[in-house]
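Some notes on the structure that comes next.
The values are calculated or read from the model by the stated rules, or taken from the named source; none is laboratory data. What you see is a predicted model; the values in this text were computed from it and never measured. Positions of Cβ are generated from backbone atoms using ideal geometry, with glycine treated the same way; all protein chains shown enter the neighbour counts.
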Amino acid sequence: ESPAVNTEDAGAELTYNKRNRISTGIKWADIADKNTALKVKETTKQNVYPRPDYQGMIDKGANPMIVHLVKQVYDSLAAAPVTAKAPTDADLKLYIDAVNRVMKGTIAWSNDNEAVGTWARKQISGRPLSMIEMTTASHELLDAVYPNGWKNFREEVRILGGNKALRALQPGREEGIKAQNAVKDGWPSKQEAWQKRGYKIISRADLKISEGYRYELDKKVPVFFLKAGETTQGRFESRELADEAKDAFKPMLLLDKYGRIKGQFDTETETVESARALVKRELKTRISDKGTAVESAERTGEARRMAGEDVSSDRLQETFGFKGVNFGNWMKGESNQAERQLHLNHAYDSFMDLVEILNVPPQAMSLNGMLGIAVGAQGAGRNAAHFVPGVNEINLTRTSGAGSLAHEFAHALDHYFATQAGLAANKEPFLTEHTGLVDAEGYTKRAGKKVKAFGEDIRPEIVADFKTIVEAMNKKQMSHEEIQNRRQEATDKAKKNVERWLKAIGTDFREASNAQDNSAEFTRLADRILALDLGEGMVSIGGKSHVSPVVSELRDLYKKENGRPYSVENIKSLQANLDHYAYLNSEKASERDHIPQQVSTDYAKNATTLDKEKGGKKYWSTNLEKFARAFDAYVSDTLEEKAAKNSYLSHAGRSGDTVPKGLERTAINKAFDGLVDTIKTKEESGHTVLYSLEEQSNVQTEKESFGKQLDDFQTGKLKSGESLTVGSTPRVLTALGAEQLPITIDQNTLRKVLEDKHGLSPDLVKQITEQLHDPIMVFDSATQPDSKVVMTELTHDGKTVVVAVHLSKEKKHHIVNDIASIYTKDNDKIFGKWIDDGLLRYMNKKKSREWFQTRGLQLPKVETAIRGYRSKIIYDYDLVKRQYSFQPSGQPYRLGAVPLRDMVRHLAGIIKGISVEERNGDPWIVTKSGHDVRIMEVAAINPDRVALTIDYHYGQAGHVAGKIAGMYNPTKPDADKPRTIHLVRDVAGIWTLSHEFHHFLEDIGVISNADKALLNNKIAALIKRDPHTYGYLQGRSKTEQRAEWIGRTLVGVYDAKTATGRIIQKIRNIIDRIINALGIRTAAGVVRDIETGNIYTRPGTQERESQVQFAVAAGTNRSPAVSAAAGQIITSYYNNAKVKEHQDYAAAKAGDREAAARLVEDMVKAETLETARQRFGSGV
């Protein structure tokens, strides 16, 4: 029976859970060991000194006015440290001390009746202190806080906000009146929403009439103002009229926060209801940003789990490397198990979808182990979800969190890279908020020099991609039609402005005291102005002022008719508007329209509008929020391209002003594509890191090394016959079955590439290292077995460059992946033909799509051709998954029919040198060398649940076809978790156990490189000789071939079936033993050593230090005859002719130890022997 699935908390208890928050004021010791962002986030006034209980103070007898003065002091303190730059630890500690000092002193002062009484008497009398009062102890609030003077605490005052805090600590008459009015209005009683929004109810009697004056022809004329508070409601010529207006109002009035009358009513009850209704209408206009309940979440697309399989909290946490998976208190218990299980299953599927979209390993989702996941643990349901920077936890609310995961992950990603950029202590610790001064390459200018925008700890490419996304969200290129429309609007507006000035000037003409009938002439000149018939040049009208001739004529007309010049200022204003109108109609303006112009995106403008409607602090229009919403849309669109949907992960199909739309959305998605392409991962301290550290990757190092070798080749410095190492085998080729070996190119081939045949430039060839790691497509060779043709992004004379790689070729005693040629294809259609022929093995979808489009090929037709071969093709996002091994038919001794312990003991009976132990209910295999591995029975295994270092085994017969039968999970020596073999009930057989056991043997290093080479050659020969029996091994990696063949050989699957066959096999075994006794290693000898247990006691055996199965450094070629356990090679003999000519050679080869010793003494240098003795002991 399946073990119960854990749906409770897993991993660490998340520090920001609602149940874990500190309710009393924090001290520096509470946060001193936290990360920078968390320390900054926690150091706020509310956290340091929670808001005092003002009502409680009054209930205990304090005067309400004095309590309000305490409130004024508290409110005057800055909500967070006031610093010129990001706060340091010293700043945070100072702020905590400063807030506590002020509030402690203020509370003490408010409880000192004598001090409070002295202050009150002073405010009432308004007189200065008497001599007696001055000589007695001070009763001032400021002195209560700073007994030795505030100037001794300048830094504390500064970090609290400076003068604002100082003013509040010296309350006077103004502060007293403020307190008195607040108490009169009901403070500190709880206010309704309409009161909090500034609405106020007054009676008609509260309207006041005040008298003022205005001037009319140098005379003072009285005027009467009707006011509600300080806001004027009307102006009247007499008090009687003002009184009539006042009496016309109903008894009760509702004012907004600006004092404007919003309504008048007969009763106070009606007025209150109206205020409530106004607020309710305002709230209705707010946009709901909530997601949906988990029960409503839908997902379509590639399955991430087996049908009916449930994910445990532990599996979710371990698969993605989260620091913890937590549920809120109200989701605990058996009654909520089904709901928790829904969240776990959806979260698992969603993060797997993100893994594929971002093209990273599952462990990268934890952002270097910093991220935690909580459901219903950190919120009250007001929001769908939130991410807490510094705490680094995503919380999804229980009732409406579904659909918000991608949004919150975007915030986490934004903060993660901000931390790498050194912005963790910033008020907004998100990279999107700090790209303003960054250029398109991720650099900025300081002191006139171009430098990395954020130092050495983040790659400029990452910064540049964030800059591109921010620009795409906020700015867009205007289309030709938009430019024309904008210009036309501007032209129409300019014309109207000219018309308004002409109308105003025309009025002045008509109203002039000496005006005659000049309307016809004025109209003629006005028509000329509107028709831009301005005359030649400009005419001076005095000083530096010049106008068009037609405008000068207009001015002259006024002087002619009225005897005085027209207003210079009005004429200059007309000319200024006319100049702008003329410019918009000029060719110069038309030319400017062809210059690319940027304007705000609708996405940005809508966000600004939403914030304006909301009021208060910016939210929608912040870059960090727009980034999260745009990422959510990007995830939805990417899934839709794959005919998939996940409404738990993202707000699929969301529309409206909160998301980008149309061409803007396309541009933003393209910018996100750039970020996804740039993000790389690496293993660091047990976590998969999205890497932003500025250090050369292996690819860059290998590229530089190959470039230097190429330079040496061209200058004749390279030794004759020496091959050039291009780099290590890229993941794309190992995923297609290639060994992790050096990729090399010999000098003859290189000469053909550069000079004789293909004529490619050295600079182009130097880029091959990089291109092999990230190609457009990879094909099987149509003519050469065990060869791949890599299609690169490079071109020569407009033709695409390809690289032919022969896999596992022996070159001068070394096994390498050999570049046979680098050349161009004359006809682009050949790639389509190769696809149609079924040769395609790998495709980068984005690069392929772009390549086909630029070449004018019909992509839909090509994709249709691909579909027929889908099972043979991997894509760029598949590289984050492990290659799987498939099991041939035949299911003897299947787990389920046989208990797990019996199966393990059966293997121990077949293979010597191992024993079986029982630990905590699980069987363990322990080898003679002291290594151990746990064996576990599971109901099912999903390929997506594990990282790249785990090997799988599939079942294929009958009802178990395509299911994973087992997997081996290696563990680094310093890790806590043991090596484990998982076997699936009703699917795994004894051969599955032996298959995974071979992975274990290679992982602990008892199978040497020499052994692997022998096994590879053996398997290749078997496939060639008997493709019917061994053909299923083709197309797998060498590692999987070895595990499958050894595993099945050990349990007798390949034993001869006939009497004659058994006799022949017996003879072969005898011959093989004789050959191995002569010191010549064979594949059967390797199998026999595993069976007998001798494999664990051979000299030189050591445990591997890495999970990588083949780790040959670039430029290091190891002979297949030398064990990896030997470490660094001391010396090598490439020419063994002299060795064979030695008189003791034949006897030594036959096994004569004395002859072998003489041979070594004669042929090996003394210093070489000494080095060997130092490494292997004096017995050498």
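Brief remarks on what is shown
- Filtered residues of region 60-93 (kept if of a type in the set (D, E, K, R) and not in a helix (DSSP H, G or I)): 60, 85
- Residues of region 494-510 satisfying the condition of being loosely packed, with under 14 Cβ neighbours inside 10 Å and of a type outside the set (S, T, N, Q): 496, 500, 503, 504, 510
- Pair list, Cβ under 8 Å, 6 or more apart: region 497-510 residue in the same structural domain as residue 581 (by TED's automatic domain parsing) and farther than 14 Å from residue 555 by Cα, other residue part of a helix (DSSP H, G or I) and among the hydrophobic types (A, V, I, L, M, F, W, C): 498/529; 498/530; 498/574; 498/578; 499/530
For every residue, the table says whether it meets (1) modelled with pLDDT of 85 or more; (2) outside the structural domain of residue 69 (by TED's automatic domain parsing); (3) within 30 Å of residue 144 (Cβ to Cβ); (4) hydrophobic (A, V, I, L, M, F, W, C).
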residue	(1), (2), (3), (4)
164	yes, no, yes, no
170	yes, no, yes, no
176	yes, no, yes, no
198	yes, yes, no, no
202	yes, yes, no, yes
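- Verdict on residue 106 being hydroxyl-bearing (Ser, Thr, Tyr), more than 30 Å from residue 418 (Cβ to Cβ), free of Cβ contacts under 8 Å to residues at least 24 places away in the same chain and buried (at least 16 other Cβ atoms within 10 Å of the Cβ): no
- Members of region 235-265 that are among the small types (Gly, Ala, Ser), more than 49 Å from the chain's Cα centre (by Cα) and surrounded by 15 or more Cβ atoms within 10 Å (Cβ to Cβ): 242, 245, 263
- Restricted to region 266-311, and to residues there that are surrounded by 17 or more Cβ atoms within 10 Å (Cβ to Cβ) and modelled with pLDDT of 90 or more, the residue that is nearest to residue 611 (Cα to Cα) is 275.
- Helices (runs of 4 or more DSSP H) contained entirely in region 947-1039, each with at least 3 residues that are at pLDDT 70 or above and surrounded by fewer than 24 Cβ atoms within 10 Å (Cβ to Cβ): 990-1004, 1009-1025
- Search result, residues across region 815-859 that are in a helix (DSSP H, G or I) and touching a residue at least 24 places away in the same chain (Cβ under 8 Å): 829, 831, 832, 834, 835, 836, 845, 846, 847, 848, 851
Rundown of residues vs (1) surrounded by 14 or more Cβ atoms within 10 Å (Cβ to Cβ); (2) part of a helix (DSSP H, G or I); (3) hydrophobic (A, V, I, L, M, F, W, C), yes/no style:
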| residue | (1), (2), (3) |
| --- | --- |
| 157 | yes, yes, yes |
| 166 | yes, yes, yes |
| 170 | no, no, no |
| 174 | no, yes, no |
| 182 | yes, yes, yes |
| 211 | no, no, no |
| 222 | no, no, no |
| 226 | yes, no, yes |
| 232 | no, no, no |
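- Residue ranges of helices (runs of 4 or more DSSP H) in region 483-591 with at least 1 members touching a strand residue (DSSP E or B) at 6+ places or on another chain (Cβ under 6 Å) and polar (S, T, N, Q): 549-562, 568-584
- No other residue among 1026, 1011, 1003 is of a type in the set (Asp, Glu) and out of contact with any Lys or Arg (no Cβ under 9 Å at 6 or more places or on another chain) apart from 1026.
- The single condition among (1) among the hydrophobic types (A, V, I, L, M, F, W, C); (2) without any contact (Cβ under 8 Å) to a residue 40 or more places away in the chain; (3) surrounded by fewer than 20 Cβ atoms within 10 Å (Cβ to Cβ) that residue 478 does not satisfy is (2).
- Some residue of region 439-448 being crowded, with 22+ Cβ neighbours inside 10 Å and either of a type in the set (D, E, K, R) or in contact with a His (Cβ under 8 Å, 6 or more places away or on another chain) (or both): no
- Number of the exception - residue 634 against (1) in a helix (DSSP H, G or I); (2) more than 29 Å from residue 441 (Cβ to Cβ): (2)
- Every residue from region 295-317 that is more than 19 Å from residue 640 (Cβ to Cβ) and either part of a loop (DSSP other than H, G, I, E, B) or without any contact (Cβ under 8 Å) to a residue 12 or more places away in the chain (or both): 305, 306, 307, 308, 309, 310, 311, 312
- Taken as a whole, the condition of being free of Cβ contacts under 8 Å to residues at least 24 places away in the same chain and in the same structural domain as residue 702 (by TED's automatic domain parsing) does not apply to residue 793.
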